[in-house]
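Every read-out reported here was derived from the displayed coordinates using simple, explicitly stated rules and does not represent laboratory data. These numbers come from a predicted model, not from an experiment. Neighbour counts are summed over all protein chains in view; Cβ atoms, including those assigned to glycine, are modelled from backbone coordinates with ideal geometry.
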Amino acid sequence: MQIVAIQLFNGLVYGMLLFLMSAGLSLIFGLMNVVNISHGSFFMLGAFVAVAVAQATGSFWVALAVAWIPAVALGAVVERVFLRTLYARGHLDQVLLTFGFTFVFTDLVRWIWGPDFRSLDVPAALQGAVEIAGALFPIYRLFLVGFGAAVALGLWLFLDRSRLGAMVRAAVDDSATAAGLGINVSLLFAGVFALGVGLAALGGAVAAPVLGVYSGLDIDILIPSFIVVVIGGTGSLRGAFIASLFVGLIDTLGKAYFPDFALFVVYLLMVVMLLSRPHGLFGIARA
Amino acid sequence: MVLRRAVLHGVALLALAAVPLAGDYTAGLIAEVLVFAIFAMSLDLLIGYTGLMSFGHAAFFGLSAYVVTILGVHLGWSGWWGLPAGVALSAAAAAVVGYFCIRVSGIPFLMLTMAFSQLFYSVSVRWRDVTGGTDGLTGFERPALFGLSLDDRTTLYYVIAAGFALAYWFLRRVIASPLGAIFIGIRENEARMRAVGFPVQRFKLIAFVIGGGVAGFSGALYAFFNAYVSSEILHWALSGDAIIMVILGGAGTMIGPVAGTAIFLLLKYFVSTHFQYWLLVVGGIFIACVMFLPQGVWGLVVQRVAAWKRT
């Protein structure tokens, strides 16, 4: 029983990390109709920056506090300087552009930090484990679950309760009408893009002690996030959240109980979803 | 027009035939370009002609290369049996993957093809007993043709060049056929094709299977060329390389992917000897190409020639 509880818990942790990736991915997709293929690169960038800052300052918390800054800055540049010039063209050109950036970021990271595997130590305050009903839960992982839940709550409050969030939702539904009502959709695009990649970088930073930090982390996190977005439905924060936890749980349980078939379990889930609801749990069919 | 085209093709064939005169090194380089050019052309059938943005095309290339090598190493099959087996399995895999992926279009399609291809990669990494994992699988013996072993670089080159000519001819025929016209119709306006009464989904799947099969053909030739496979050839990066080749050269043209492959591979060899982080350079060039030259290098040539003719 304890083992099952631990596995469920680990699935929850992985699901929260996936959510930090897929929330931005899904929002950007919903708003701009662009899948940011370089989203995983920002996750990786956040992880590397966090390690570098933690080494320089000796503090995990400082690292966490600043790890998102380079990603947001780079994301704003990518959107303002590059993506924006292509809005008049098809969405696929914009996707190709983000794809080109994955190559650039991969080698930039390798150039700056080298190809070696790095790790980030759990801060002293979060070391150890607590015993709940006979099972040991690492404190850092409990922190991750709380962190993910807090980000989800914050995002929900922002989107659902704030004026800016209402603008974003309006633009997701119908950007042309939103623009007609005087909303600066172009600036909104930049803001959401920067927010999305910032969340990814933050995800990379908090994930660093669990997933490790290495060149290739970008694709390892990108693919499951894609699956989350497909299952959850694009542009839906609720879909991204539920699908993240779902995929996290299924993947972790699959690895624990069917190690030989673990790879296929998540894909099977995705296939079932495609056959029954091609637009995902909370997706809307778009023309 | 027809005559001039025939002359051009004749010249191209002669040039291909004359390549071994330039020495083993050049012939080897061009053989590699030709193998990947087939791969890029097969992707162009999807991206350029049918409008299917596939981001996981390496799955079919790699699967076939593995089939040829595994059958050769583990079961002692000749590559000449491995080749059709590889093509058939790649086409079958494309049918299965395509069956699911064509349920969505546009960007979800792109994400799904990418996710499925990553599944192939993960299997090749995990299934070490058969695939050799990341260490790869060595010991493949190249087959012989009329008593001439493909270990001989010149024979190998001619086999690959003939394969290239065959694939080029085949894809040209497909695109010029009524089937090709349907593919282009789907690219141009899917809703209208559906309204006219074409079962668009079925034709998308047909395009995907043909593309997968031809990619399998190039993968099999790669196994002949390299006599060694590792999970690298199933990695997402190779799907990405193929997209760059197609876009750089010019999607929706026959020559474009070939030109793009040549540019890409020459760039790779040239830059990587001087600068370790060549992906940075290639990524930068690709970004510039998407922004300022979306029709690709060959597309630009075609445009300029057309403009010159009008004046």
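Side notes on the structure shown:
- Subset of segment B:84-132 (residues that are surrounded by fewer than 17 Cβ atoms within 10 Å (Cβ to Cβ), over 28 Å from A:SER38 (Cβ atoms), over 19 Å from the mean Cα position of the chain (by Cα) and not aliphatic (A, V, I, L, M)): B:TYR99, B:TRP127, B:ARG128, B:ASP129
- Exclusive hit being surrounded by 24 or more Cβ atoms within 10 Å (Cβ to Cβ), away from every other protein chain (no Cβ under 14 Å), within 16 Å of A:GLY15 (Cα to Cα) and among the aromatic types (Phe, Trp, Tyr), set A:PHE226, A:PHE246, A:PHE241, A:PHE193: A:PHE241
- Within segment A:253-266, at least one residue is surrounded by fewer than 20 Cβ atoms within 10 Å (Cβ to Cβ), among the hydrophobic types (A, V, I, L, M, F, W, C) and in contact (Cβ under 8 Å) with a residue 24 or more places away in the chain.
- If you go through segment A:199-220 and pick out every residue that is surrounded by 24 or more Cβ atoms within 10 Å (Cβ to Cβ) and within 13 Å of chain B (Cβ to nearest Cβ), you end up with 1.
- Test: residue in segment B:295-303 that is outside any helix (DSSP H, G or I), within 21 Å of B:PHE36 (Cα to Cα) and out of contact with any strand residue (DSSP E or B) (no Cβ under 8 Å at 6 or more places or on another chain): yes
- Restricting the first member to segment A:107-123 and to residues that are closer than 21 Å to B:ILE285 by Cβ, and the second to residues that are among the hydrophobic types (A, V, I, L, M, F, W, C) and assigned to a loop (DSSP other than H, G, I, E, B), no beta-carbon pair is closer than 9 Å while six or more apart or on different chains.
- Across segment B:268-294, the qualifying residues are those that are among the polar types (S, T, N, Q) and assigned to a helix (DSSP H, G or I), and the one among them that is nearest to B:MET254 (Cα to Cα) is B:SER272.
- Considered as a group, the residues in segment B:250-293 that are under 13 Å from the mean Cα position of the chain (by Cα) and small (Gly, Ala, Ser) include one that is nearest to A:PHE103 (Cα to Cα), and that residue is B:GLY260.
Residue by residue, here is whether (1) part of a helix (DSSP H, G or I); (2) under 17 Å from the mean Cα position of the chain (by Cα); (3) facing chain B (nearest Cβ under 10 Å); (4) within 25 Å of A:GLY232 (Cβ to Cβ) holds:
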{"site": "A:ILE37", "(1), (2), (3), (4)": "no, yes, yes, yes"}
{"site": "A:VAL49", "(1), (2), (3), (4)": "yes, yes, no, no"}
{"site": "A:LEU64", "(1), (2), (3), (4)": "yes, yes, no, no"}
{"site": "A:ILE69", "(1), (2), (3), (4)": "yes, yes, no, no"}
{"site": "A:LEU74", "(1), (2), (3), (4)": "yes, yes, no, no"}
{"site": "A:THR98", "(1), (2), (3), (4)": "yes, yes, yes, yes"}
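- Residues of segment A:1-42 satisfying the condition of being of a type in the set (Gly, Ala, Ser) and surrounded by fewer than 24 Cβ atoms within 10 Å (Cβ to Cβ): A:ALA5, A:GLY11
- Residue ranges of helices (runs of 4 or more DSSP H) in segment B:24-119 with at least 2 members more than 22 Å from B:ALA251 (Cβ to Cβ) and at the interface with chain A (Cβ under 10 Å from one of its Cβ atoms): B:79-101
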